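Here the structure is laid out as structure tokens; the discussion comes afterwards.
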Amino acid sequence: MIEAGLLEETKALLNKHGRIPNLINTIGYREIIGYIDNKYSLEEVKVLLKKNTRNYAKRQLTWFRKNSEIKWNIFPEKLKK
């Protein structure tokens with residue numbers, strides 16, 4: 001994410017919109033803003049990005065599993081391709 005321009009994108013969004021809640025509470029932007037504010041080093045940001053993204057994915061899976069309307073279609077033969 002960082003190599004793809006997340007820092008530059010975050011700076012541009014901050015310049016255009018300021019510190020709006022949707023920006024400062026979004027995974028990725030939140031950590032980069034911490035870097036911009038000298039709260040985190042770039043290495044710490046990379047660790048936080050991985051951890052927070054992983055935790056978000058876990059929460060999504062938990063939500064999906066609890067939703068009885070969702071039907072999981074897993075076809076092992078297609079996964080091998």
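No value in this document is a laboratory result; all are computed from the given coordinates. This is a predicted model, so every value here is computed, not measured. All Cβ positions, glycine included, derive from the backbone under ideal geometry; neighbour counts span all protein chains shown.
Our helix-only sum for the chain, with -39,500 (n - 2.57) per DSSP H run of n ≥ 4 divided by its residues, gives a mean residue ellipticity at 222 nm of -19500 deg cm²/dmol.
The 3J(HN,Hα) values that the Karplus relation (6.51, -1.76, 1.60; θ = phi - 60°) gives for region 28-41 are, in residue order, x, 5, 4, 5, 5, 4, x, 5, 4, 7, 6, 7, 10, 7 Hz. Gly and Pro appear as x.
Only counting other Cβ atoms within 10 Å, I'd like TRP72, TRP63 sorted with the fewest neighbours first.
Working: TRP72 6, TRP63 10.
The fewest-first ordering by Cβ neighbours comes to TRP72, TRP63.
Which entry in (1) 2.48; (2) 1.46; (3) 1.34 is this structure's computed Cα Rg over 2.2 N^0.38 Å? Working out Cα Rg over 2.2 N^0.38 Å from the coordinates points to (2).
Against the chain, whose longest principal axis comes from its Cα atoms, helix 42-66 is set at around 30 degrees. Pairs over the 32 Å Cα-Cα cut-off, from the set LYS16/LYS71; LYS39/LYS66; LYS16/LYS66; LYS50/LYS71; LYS11/LYS71; LYS11/LYS50: LYS16/LYS71; LYS39/LYS66; LYS16/LYS66; LYS11/LYS71. Over all other residues within a Cβ to Cβ distance under 15 Å of GLU3, the charged ones net out to -2, with Lys and Arg as +1 and Asp and Glu as -1.
In this simple spin-label model, placing a label point 7 Å from the Cα along the Cα-to-Cβ direction at both THR26 and LYS58 gives a separation of 2.5 nm.
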